[in-house]
Amino acid sequence: MSLYETVFIARQDLTAEDVDALSNKFAKIITDANGKVQKEYWGLRNLSFKVKKNSRGHYILLKINSEYPAVAELKRVMGFNEDVIRNATFLVEEHKDESYLFQSANAHDYKAGKIAAKKEPSKLDLVIDQFQFDA
């Protein structure tokens, strides 16, 4: 089986429950074809420019371990769904544990404040903190 990552942007006016239902619907397409899916919710973010009259969108990452026909079906279904503004699918060699944009596993937990306020600083954050900038 191949590894894929799919990022899609859902409309800004969807509730957290709607976003979770949408991502679960897409995950079910993959799991029905004997694939595995991990979901990451990246939050409601501003878009650089308006897309389909939306200036913001819910970003969701699906880490997929499946055969290509299931991924092709997922792309087809996403293309017809009115709640999806944009989507992109990439073939990857390996999945990272968590992306640096990771907010929570699903939108409902993020909205309910069930996630930690701040994670431990990364190595990059520690290096940047060592520098002093003079104005």
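Please treat every number below as a calculation from the coordinates, not as lab data. The model shown is predicted, which means the values in this text are computed figures rather than measured ones. Cβ: placed from backbone, ideal geometry, glycine included. Neighbour counts: every protein chain shown.
How much length, in nm to one decimal, is gained on full extension between Glu73 and Arg45, taken as 0.36 nm per residue of separation minus their Cα-Cα distance? Stretched out fully, the Glu73 to Arg45 stretch lengthens by 7.4 nm.
Between the beta carbons of Glu82 and Met1, assuming R0 = 35 Å, the FRET efficiency works out to 0.70 to the nearest 0.05. Structure note, pairs Lys39/Lys75; Lys39/Lys96; Lys28/Lys50; Lys28/Lys63; Lys50/Lys96: Cα-Cα distances above 23 angstrom occur for Lys28/Lys50; Lys50/Lys96. Fully extending the segment from Asn65 to Asn24, taken as 0.36 nm per residue of separation minus the present Cα-Cα distance, adds 13.2 nm. Going 7 Å from the Cα of Lys36 toward and past its Cβ, which residues in the range 57-91 have a backbone nitrogen under 15 Å from where you end up? Counting only backbone N, you get 63-67.
Scoring 81-88, 54-61 by mean Cβ neighbours within 10 Å over their residues and listing the highest first yields 54-61, 81-88. Taking a Cβ cut-off of under 10 Å around Glu5, the surrounding Lys, Arg, Asp and Glu residues balance to a net charge of +1, with basic ones at +1 and acidic ones at -1. Cross-link partners for Lys123 among the aspartates and glutamates, with Cα-Cα distance under 19 Å and sequence neighbours closer than 8 places in the same chain left out: Asp97, Glu98.
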